[in-house]
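This report concerns only the one structure given below.
The values are calculated or read from the model by the stated rules, or taken from the named source; none is laboratory data. Predicted model only: the values in this text are computed from it and were never measured. Note that we place each Cβ from the backbone using ideal geometry, even for glycine, and neighbour counts take in every protein chain shown.
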Amino acid sequence: MVVAVLLSLSVGARAQSRPNFTGKWELVPEASDRGGRGGPVDLGFEFSAVQDEKTLTVIITKPPMGELNKRLYLLDGSPTKESVTPDSAIVRTSTVKWDGQKLVITTTTPRPGMVPVEVIQTWSLSAPDRLAVTHTNNATANGSVAALGIFRKK
């Protein structure tokens, strides 16, 4: 009896649905803390996300220019690689993991002769139409910088 209950709880915990971040999102500047920087976190002022069982695709846009950047993340934790330079000399690697209901994206970009840049974004929904993204990176001379972007679904 006890074993059946424990198995039931274990299966239920695994079956718990993950949040889906699909939608068009816009930054809410007055609710965000950009870590003392002039611009928003890596996602810009507007972006779209498309999520299915296996992937999260993020398309960063800047009106009126349109699509600036498209990133693909594998939700099973497998690394994805993206060239940062036209000659593919520098390639950043991203991995994803779930921390309960939060999605954690870690991106590492090598810098020749310097410490690699590590950016960690943690995504969470505070409501179906509100997305919080914490962003930390080690790319400054003064150590890590943290920022918080609050986005509203359009």
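Condition check ((1) assigned to a strand (DSSP E or B); (2) at pLDDT 90 or above; (3) basic (Lys, Arg)) across all residues:
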position	(1), (2), (3)
Leu68	yes, no, no
Asp87	no, no, no
Gln121	yes, yes, no
Leu125	yes, yes, no
His135	yes, no, no
Ala146	yes, no, no
Phe151	yes, yes, no
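Applying the set (1) within 24 Å of Ala31 (Cα to Cα); (2) surrounded by 15 or more Cβ atoms within 10 Å (Cβ to Cβ) to Leu75 leaves exactly one unmet item: (1). Among the candidates Val104, Val119, Val96, the residue that is touching a His at 6+ places or on another chain (Cβ under 8 Å), surrounded by 14 or more Cβ atoms within 10 Å (Cβ to Cβ) and aliphatic (A, V, I, L, M) is uniquely Val119.
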